[in-house]
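Below you'll find the structure, written out as structure tokens, and then a few comments.
The values are calculated or read from the model by the stated rules, or taken from the named source; none is laboratory data. Given the structure is predicted, the values throughout are model-derived calculations rather than measurements. Ideal geometry is used to build each Cβ from the backbone, glycine not excepted, and the neighbour counts take in all protein chains shown.
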Amino acid sequence: MQKKISVIVAHPNPKSFNHAIAGQAAATLRQLGHAVFYHDLYREKFDPLFGVGELQSSGPIPRAIGLYCREALESDGFVVVHPNWWAQPPAVLKGWVDRVLRQGLAYRFTDEGKVVGLLKAPTAVVFNTANTPEEAEREMFGDPLDGLWKKCIFEFCGVKNVHREVYRPVIVSSAIQRAQWLASAREVVAACFPA
């Protein structure tokens, strides 16, 4: 059954390995018969600044953001691709989260203050690239991105199945290693969003 999947990539260099991953994910989804909403946030010059008028959940959604919001509501799944910068996504992607996965659209609060996720997508996949070896990063920082995407963002918005893959260290990787990572990305996407 055809699904609608949002693929979001946040890296300023269109020749980056992040773009290669996002392209592989989109191609795999299309080969499986799914529709793809593909967004390169840097190329699209997505404005990450959350305006004061957007703070209220009942406030108007700026027209430029409305398309992203509609697609998020329609999506049966998400694939997000970004580098690990200071244990966080790039600012443009954080702005996408703020402005698109907004209160009243992606989640709401009950009168008792409990959170209710509103997104219909059951599954999200997050691909990260990093240059710090895994052992060093875990020893120094833990894994902040894991909790951010799984607990703080997707599960908060009702997406229960969140799969995350980290490819590292990219800066010293060979062409053979990158080809293996792209094959891995293809397998992950196919397993999470079967035809």
Legend entry - Matching residues in the stretch 31-73 - criterion: being surrounded by 12 or more Cβ atoms within 10 Å (Cβ to Cβ), part of a helix (DSSP H, G or I) and over 17 Å from the mean Cα position of the chain (by Cα): Gln31, Glu54, Ala64, Gly66
Legend entry - Selection count, the stretch 152-195, where residues are of a type outside the set (Gly, Ala, Ser), surrounded by fewer than 15 Cβ atoms within 10 Å (Cβ to Cβ) and farther than 20 Å from Ala72 by Cα: 6
Inset, instruction - With respect to Ser75, determine if the residue is at pLDDT 95 or above and either touching a Cys at 6+ places or on another chain (Cβ under 7 Å) or hydroxyl-bearing (Ser, Thr, Tyr) (or both). - result: yes
Inset, instruction - Using the structure shown, decide if Ala87 is surrounded by fewer than 13 Cβ atoms within 10 Å (Cβ to Cβ), more than 25 Å from Phe109 (Cβ to Cβ), of a type outside the set (S, T, N, Q) and in contact (Cβ under 8 Å) with a residue 12 or more places away in the chain. - result: no
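Which residue out of Gly66, Gly142 is free of Cβ contacts under 8 Å to residues at least 60 places away in the same chain and either charged (D, E, K, R) or at positive phi (or both)? I'd like the intermediate steps shown before the answer.
Working: Gly66 fails: either charged (D, E, K, R) or at positive phi (or both).
Checking each option against the conditions leaves just Gly142.
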Legend entry - So Trp149, is it surrounded by 13 or more Cβ atoms within 10 Å (Cβ to Cβ), closer than 30 Å to Gln177 by Cα and without any contact (Cβ under 8 Å) to a residue 60 or more places away in the chain: no
Legend entry - Pairs, first without any contact (Cβ under 8 Å) to a residue 40 or more places away in the chain in the stretch 35-49, second in a loop (DSSP other than H, G, I, E, B) and exposed (fewer than 15 other Cβ atoms within 10 Å of the Cβ), C-beta under 8 Å, six or more apart: Ala35/Gln2; Asp40/Pro14; Arg43/Pro14
Legend entry - When residues of the stretch 90-128 are limited to those that are among the aromatic types (Phe, Trp, Tyr) and assigned to a strand (DSSP E or B), the one surrounded by the most Cβ atoms within 10 Å (Cβ to Cβ): Phe127
Legend entry - Hits in the stretch 1-27 - residues which are within 13 Å of Thr129 (Cα to Cα) and either surrounded by fewer than 17 Cβ atoms within 10 Å (Cβ to Cβ) or in contact with a Leu (Cβ under 8 Å, 6 or more places away or on another chain) (or both): Val9, Ala10, Ala20, Ile21
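Table: residues versus (1) closer than 25 Å to Pro14 by Cβ; (2) at pLDDT 95 or above.
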residue	(1), (2)
Arg30	yes, yes
Gly33	no, yes
Phe50	no, no
Gly53	no, no
Gly59	no, no
Ala64	yes, no
